[in-house]
1. Once the piece of chain linking V19 and I6 is laid out straight, how much longer is it, given 0.36 nm per residue of separation minus the C-alpha distance between them?
2. Which length gain, in nm to one decimal place, applies between V703 and K626 when the Cα-Cα distance is subtracted from 0.36 nm times their residue separation?
3. Among DSSP beta bridges whose residues both lie in the stretch 235-361, state the antiparallel percentage, nearest 5.
4. Rounded to the nearest 10 degrees, what's the angle between the helix 16-32 long axis and the longest principal axis of the chain, both from Cα atoms, 0 to 90?
5. Short version: ³J(HN,Hα) in whole Hz for each residue of the stretch 323-328, in order, from phi by Karplus 6.51 cos²θ - 1.76 cosθ + 1.60 (θ = phi - 60°), x for Gly and Pro, what are they?
6. Divide by every residue of the chain the summed helix terms, -39500 (n - 2.57) for each DSSP H run of at least 4, and state the resulting mean residue ellipticity at 222 nm, rounded to the nearest 500 deg cm²/dmol.
7. Give the long-range amide H neighbours of L146: residues separated by 5 or more places, or on another chain, with amide H under 5 Å away, using H modelled in the peptide plane at 1.01 Å from N.
8. Cα centroid distance between the stretch 89-136 and the stretch 300-323, in Å?
Amino acid sequence: MTNGPITIKTGTRSSRLAVIQARGALDRIEGMLPAIKFDIIELSSPGDRDRSTDLRESARDFFTKDLDDALLNGDIDCAVHSAKDLPSPMPDDIDWFWLPWQEDPRDAIILPAGKTSADLQAEPIVGISSERRETWCVTRFPNAILKNIRGNIESRLEQLDNGDYDMLVMAAAALNRLDLQDRISELVSEDELPPPDGQGYLAVTFKSENKTMLHLRSLFTKSVDFVGAGIGSSDMCTLAGINAIENCDVCIHDALMPQGLIDYVPANALRIDAGKRCGDHHLDQNAINALIAEHARRGSKVVRLKGGDPGIFGRLAEEVETLDKLQLSYKVIPGISSVQLATTTTGMLMTRRGLSKGFCVMTPRKQGGGIDPVNGNERAKLPIAFFMAAKAIPEVTKQLTDDGVAPDTPAAIVFAAGTDDEQIIKSPLSELHSSLITHHSSLASLPGLLLVGETTAYSYTSYGALKGNKILLTCSEALQEKASRITSDLGGIPVQRPLIDLVPLNAAIDDIANIETYDWMVVTSPSAARCFFDIASANNIDLRSVPKVLVCGTGTADEFKKRGITPDAMPDSGFNATSVVNTIKPCINKGDRILRLRADKAGTSLAEELGKLGADITDCVLYENKPVRYDSLPDFDSVFFASASAVLAFSELWGAEALSSKTILSIGIPTAKELGKMNLESDIIGDEATVKSAISTLAAYYVNISLT
């Protein structure tokens, strides 16, 4: 242990702004770490000496070169920069990180002292220093004369006040740090003029592997989470993985992964598609490695979301090694692999007592796309799983049989393991490729998991009421989890494709804001109830002011009960407009104010019928139903329509003919009537207009068929 603090020689450009911002940041670090002390060494840069070159044409290291050279020569231990000045890529042997304290990132309009925008000439001369600001000025000030401006902040302001320019566009952060906020005439919104990465931040550079600086950086960087996304659906991601996703700043994700996991990424987080498919690499591996390290060094909480389990053919080692070299912290959260879903969930168990005491997992692929040998004596005794093997079946089959594996050995190829599109083709090993090409040619080019061994002869049998049938669930996203769970509990396979997105309408806010002025509120769907509570929460509406509530069905009642509100009235049966009117009729007086909450497609008939009772009706459209688009129609046996809007959306996407030979389930009469307009008939209508009742009615339908 040293007797005094460690002195760190710190370089910075010699401008007043550079010194002030460096000193301010270093003082904060010294306050955190008594063991260190920073000595500032002021240096020049090409950008400081050359005041004539247009910054839009300058070299990458225009403001960093001399400081970089000093680092590499050992004259300084680190340097402090405006983060947006760092070149990309950085020079070899120089490492870096951002400090977490950000100044205002927006750009600012600066006018001469004492002037306002009203004083601008018809063709003002505007000083700019970047292509980004130039592009914005052309739109915002189409008649302006744009001129390059150079110099430090004080020099630029002097040129403005001397009349060389009528207006400047500069970073607000620089003016704030120089205590020149009073010179800002207008702050430009980030939506109008997006700031560059790093504007408002400071960055610290240092020579790679400087142990002191690596220790220091560890205070300002967060551990990278490598998260196994699982395979098939977002249910296959662990709670730890979802928790990591929900708390990230940057999510770098694969293509072959459950896309529903992206919904867990915070709305303000950066989402980067690093997807790689066979023959189509969105980003190559080196670029992905660099991307992870870059965002980690910026201090962002990075989640690297990798399909399946990142440790199985996920190139995890290469990405971790990148962080090891930089001594950046990370942790790995495992995921469910496709080999597990293709075997454990299908009954083709890779280990069976008395039959198989182990298994092989491998890929026939080698770097560059060729086929690797797959022989070996022990391999012949065990079931083998070959990843990404659909196109390699002939080569694998030949090598296995040449090595003594019997041609009639049971085999299977599994596509989209664990998803609602999962398909399994089984045959003797020697016939598998011809079976695939002859009967399933559309699958031959897709990624597939080849399984070879006696265990592939086994599979699970569904004993549930829904008999393992695939049920297409078209209800809104809010109902999908419940519908899927009920479907699975009853022995069906949920195929989740919400066709309707519920979009709250701002126009409804005024009606809800005066909720205390009503005597009754009539809500006839769970979606309307959820939308009401979402709007109320967003607008800080006190739920204690909610009047008496009439709901239509137990599903809607449950939404109110979740919020501690027990509905005052509900029809005993029927759950339609007539039953609603009959239920509320004895409860109201002439002139009572009733707020009817509905979707845009629900129509005005109920409000009109309520009006006939002598009540004062406000017919409030809470939300609109917007269709959700998909590229293709999934395979399914039955379809569940929870609304007339979903019927319309299905028809627009795939047409009525796509429902031929399918079992059609409607949640209620209005939905069934919409199908009738397409000359289609519901096979089943829910006993009650709820998700649980409808799917239970479908299950009873399947059981009834089984009994006849």
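The numbers here are math on the coordinates, done by the rules we state, and not lab data. Model, not experiment: these values are computed from the prediction. Cβ atoms come from the backbone with ideal geometry, glycine included; neighbour counts cover every protein chain shown.
1. Extra length from V19 to I6 when fully extended: 2.6 nm.
2. Difference between extended and current length: 24.2 nm.
3. Looking only at bridges with both residues in the stretch 235-361, the antiparallel portion is about 25 percent.
4. 60 degrees
5. Couplings: 6, 4, 4, 8, 6, 9 Hz.
6. Mean residue ellipticity, 222 nm, calculated: -8500 deg cm²/dmol.
7. Close amide H contacts, sequence-distant or interchain: V126.
8. Cα centres, the stretch 89-136 to the stretch 300-323: 37 Å.
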